[in-house]
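Read the structure below first, then the notes.
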Amino acid sequence: MMNEINLRLILVCGKTCDFLFDSSFSASDVAQYVFDHWPDDWEEERVQSASLLKLIYHGRFLHGNVTLRGEL
């Protein structure tokens, strides 16, 4: 059984989009997925690289190989 986590991503401008991820995804996996599946209504805010995305989960910055499961 997959342990899925619903993440609501919020841009600085306030736009939001919900994504569903397996809890084994790393912060890098999440950033790359979001970059590769950038929402159409976020086009004006598109970044040049997944590495420019900063993830905050439960008040903590996530990066690299840190998994969502490890932050539950």
Could you line up Thr67, Thr16 from fewest to most neighbouring Cβ atoms inside 10 Å? Thr16, Thr67
Can you list the trypsin sites (Lys or Arg not before Pro) in the chain that are in a DSSP coil and have 15 or fewer other beta carbons within 10 angstrom? Lys15, Arg46, Lys54
Considering Cα pairs under 8 angstrom that are at least six residues apart, work out the relative contact order of the chain and quote it in whole percent. 31
How many nm separate the modelled label positions at His37 and Ser23, each set 7 Å beyond the Cα in the direction of the Cβ? 1.9
With each run of n ≥ 4 DSSP H residues scored as -39500 (n - 2.57), what mean residue ellipticity at 222 nm is computed for the chain after dividing by its residue count and rounding to the nearest 500 deg cm²/dmol? -4000 deg cm²/dmol
Between helix 27-36 and the chain: long-axis angle, C-alpha atoms, 0 to 90°, nearest 10: 30
When averaged across all projection directions, what area in nm² does the alpha-carbon convex hull of region 4-71 cover? 4.3
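No value in this document is a laboratory result; all are computed from the given coordinates. In this text the structure is predicted, and so the values were computed from the model without any measurement. No Cβ is skipped: glycine too gets one built from the backbone with ideal geometry, and neighbour counts run over all protein chains shown.
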